[in-house]
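Read-outs throughout are calculated quantities, based only on the coordinates presented, and are distinct from any laboratory measurement. Since the structure is predicted, the reported quantities are computational estimates derived from the model, not experimental observations. A quick note on method: Cβ atoms are made from the backbone with ideal geometry, for glycine too, and the neighbour counts reach across all protein chains shown.
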């Protein structure tokens with residue numbers, strides 16, 4: 001049976017592009033919200049969820065981390081996806097005809113220099129893929145959308161420009177989530193993600209990091225997030241290189257447990273290469 | 001002469017509401033981009049800039065931190081602003097007439113439960129205040145906008161609903177920036193913000209935090225940010241309670257300087273209370 005993966009957005013969203021690159025043989029299931037992704041995975045309706053967590057559009061990072069804290073799913077993989085905005089027009093439209101460009105405000109902002117140079121009017125859309133879908137509906141050759149290359153294919157649009165974003169280094173980190181833990185091969189580099197809350201003691205965060213420092217474990221990410229509904233309390237998300245069953249990692253985990261009120265392994269998974277390199 | 005403060009957005013943006021609460025006697029100057037705020041302050045065209053840095057809409061956090069790294073301005077204050085979305089309609093419109101609601105996608109998402117309950121159609125706008133301004137232009141009693149209470153006043157709209165966001169705890173932290181350092185009173189609690197890049201040595205971050213731990217200095221924020229254009233290199237933003245001239249802070253600063261390739265004091269300023277408490 002074909003495996004399934006849920007993503008947030010409509011067909012052609014950057015999250016679907018990530019699914020296509022990371023999981024090309026899967027069926028991609030669009031979801032309205034991040035919460036829906038978690039629900040679908042929890043209920044066994046899909047095998048995996050594709051969750052953007054870093055350097056992406058509109059607040060998704062915080063939503064995703066908060067949902068990881070609330071639900072009991074595991075991180076089983078990671079994927080770095082370049083965000084490459086294309087300028088899309090209806091079939092046969094020419095660049096010099098364009099007068100108005102539609103997209104999510106964040107995408108419009110990321111292509112600010114390009115749009116200003118062309119002197120076009122900007123119009124907001126609910127999401128990038130929606131802007132592309134609406135373009136097909138209206139069939140107006142003076143209108144364009146900023147969206148993924150995948151949208152050109154799905155909505156029968158022409159690509160009038162590629163990589164029109166101001167910064168060439170726009171990348172989103174995605175996490176792959178599932179009901180069961182991954183079993184990453186011990187022969188390949190792997191990463192472990194933790195969620196913890198420090199005890200109310202002086203220098204608590206420093207003490208939490210001590211075990212990793214003294215055991216030579218490399219941290220790749222440390223993120224603090226306010227705990228929803230509890231002011232001035234913070235969760236920490238920490239990624240380190242290694243497997244919690246390694247001896248040095250076990251020592252570090254034992255040490256961090258002394259200084260935390262809660263400590264949860266969100267997952268251990270094979271490390272992905274960042275395409276930007 | 002009246003003092004001036006620049007904010008990003010059009011009149012009625014949540015950033016202007018922050019200016020009004022923190023700097024009620026100032027003239028508020030709208031800017032198109034965050035970059036423009038920095039430019040206006042640098043060129044001496046305004047006295048201050050009001051910059052959102054945390055827990056706010058659409059990627060502003062990263063933009064703001066990157067601009068703080070690139071420019072030579074100082075943080076001279078902080079302000080916590082509750083984000084309270086109002087449902088606005090044209091004068092005389094009634095709630096039961098509304099069919100469509102306009103706003104920035106992030107605001108629409110934050111009021112998801114409310115909009116779904118009402119069964120309204122959602123329409124994206126470039127920003128919240130723009131949605132309100134357009135409402136006045138169109139004068140259609142079946143349309144509403146999600147925006148600040150200030151927009152009702154500026155665009156002669158009626159408030160049909162208050163605090164319609166799903167989460168009651170939506171707060172944005174703003175930083176006040178200026179050309180010259182602040183001189184916070186030593187009698188009041190103050191905060192210092194640092195920007196640093198760790199040396200390429202094992203456990204560098206842990207070592208950087210050591211001086212703060214052993215000198216009993218409380219960290220209120222630690223944020224890692226990729227350095228634009230340099231992959232896998234991170235800047236750290238750190239806020240601590242205290243003044244760099246205090247003896248214990250001087251010891252911590254001396255210690256962190258051993259383990260960093262660059263270290264910059266972004267500012268020292270009076271600590272603000274978080275209104276959410």
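Relative to the other copies, what are the label-point distances for residue B:92, with labels 7 Å from Cα along the C-beta vector, expressed in nm at one decimal and sorted shortest first?
Distances to the matching label points in the other copies: 4.6 nm.
Specify whether the C-alpha gyration tensor of segment A:86-161 places it in the rounded, prolate or oblate class, a ≥ b ≥ c being the square roots of the eigenvalues: rounded for a/c under 1.5, otherwise prolate if a/b is larger than b/c and oblate if not. Walk me through the intermediate numbers first.
Details: a/c = 1.58, a/b = 1.17, b/c = 1.35.
Because a/c hits 1.5 or more and a/b fails to exceed b/c, segment A:86-161 counts as oblate.
Looking only at segment B:15-39, which residues have a backbone nitrogen under 15 Å from a spot 7 Å from the Cα of residue B:2 in the C-beta direction?
Of the residues in segment B:15-39, B:19-21, B:23-30 have backbone N under 15 Å from the label point off residue B:2.
Across peptide A:203-210, what mean number of C-beta atoms from other chains lies inside 10 Å of a residue's C-beta? The partial results should precede the final answer.
Numbers: counts 10, 2, 6, 10, 2, 1, 7, 5.
The per-residue average across the peptide is 5.
Could you pull the copy-to-copy label distances for residue B:202, with points set 7 Å along Cα to Cβ, in nm to one decimal and sorted shortest first?
2.9
With each label point set 7 Å from Cα along the Cα-Cβ vector, what nm distance links residue A:84 and residue A:11?
Between residue A:84 and residue A:11, the label points sit 2.2 nm apart.
Given the rule -39500 (n - 2.57) for each run of at least 4 DSSP H residues, summed and divided by the residues of the protein assembly as shown, what is its mean residue ellipticity at 222 nm, to the nearest 500 deg cm²/dmol?
Values: 18 runs with 164 residues, N = 554.
Dividing the helical sum by the residues of the protein assembly as shown leaves -8500 deg cm²/dmol.
Can you list the copy-to-copy distances for residue B:262, using a point 7 angstrom from Cα toward Cβ, in nanometres, shortest first?
Result for residue B:262, in nm, nearest copy first: 3.8.
Below 8 Å, C-alpha to C-alpha, sequence gap of six or more: please give me the relative contact order for chain B in percent. Before the final figure, lay out each step's value.
Numbers: 626 pairs, mean separation 61.6, N = 277.
After rounding, I find 22 percent.
How much length is gained if the chain between residue A:214 and residue A:21 is pulled fully straight, taking 0.36 nm per residue apart and subtracting their Cα-Cα distance, in nm to one decimal? Each step should come with its number before you reach the end.
Numbers: separation 193, 0.36 × 193 = 69.48 nm, distance 3.77 nm.
Separation in residues times 0.36 nm, less the Cα-Cα distance, equals 65.7 nm.
Let me make sure I get this right: for chain B, a, b and c are the square roots of the gyration tensor eigenvalues over alpha carbons, sorted descending. Under 1.5 in a/c it's rounded, otherwise prolate if a/b > b/c, else oblate. Which is it?
Values: a/c = 2.39, a/b = 2.01, b/c = 1.19.
Prolate shape, in that a/c is at least 1.5 and a/b is the bigger ratio.
For peptide B:99-109, compute the average count of partner chain beta-carbon atoms within 10 Å of each residue's beta-carbon. Don't skip to the answer; put the middle values down first.
Details: counts 0, 0, 0, 1, 1, 5, 11, 6, 0, 1, 7.
Across the residues of B:99-109, the mean count of other-chain Cβ atoms within 10 Å is 3.
Using only Cα atoms and rounding to the nearest 10 degrees, what angle (0 to 90) does helix A:247-258 make with the longest principal axis of chain A?
Taking the Cα atoms of chain A, the angle to A:247-258 is about 80 degrees.
Rounded to the nearest 5, what is the percent of antiparallel bridges among the DSSP beta bridges in the protein assembly as shown? Working shown, then result.
On the way: 88 of 116 bridges.
That works out to approximately 75 percent antiparallel.
Only Cα pairs within less than 10 Å get springs; with that Gaussian network setup on chain A, which residue of A:71, A:28, A:235 has the largest fluctuation?
Judging by the Gaussian network model, the answer is A:71.
What FRET efficiency comes out for the pair residue A:121/residue A:247, r = Cβ-Cβ distance, R0 = 60 Å, nearest 0.05? If you can, show how the numbers build up before the last one.
Numbers: r = 62 Å, r/R0 = 1.03.
So the FRET efficiency works out to roughly 0.45.
Quick one: of the DSSP bridges fully inside chain A, what percent are antiparallel, nearest 5?
On the way: 44 of 58 bridges.
Roughly 75 percent of the beta bridges in chain A run antiparallel, per DSSP.
Given the options B:251, B:108, B:238, state which has the largest fluctuation in a GNM of chain B using a 10 Å cut-off (strictly under) for Cα springs.
B:251
Just report the Cα centroid separation between segment A:62-102 and segment B:116-150, whole Å.
Taking the Cα centre of each part, segment A:62-102 and segment B:116-150 sit 25 Å apart.
Once both axes come from the Cα atoms, what is the angle between helix A:60-70 and the longest principal axis of chain A, in degrees from 0 to 90, rounded to 10?
Here the helix axis deviates by roughly 40 degrees.
For chain B, modelled as a GNM with alpha-carbon contacts under 10 angstrom, which of B:137, B:81, B:17 fluctuates the most?
The residue with the greatest mean-square fluctuation here is B:137.
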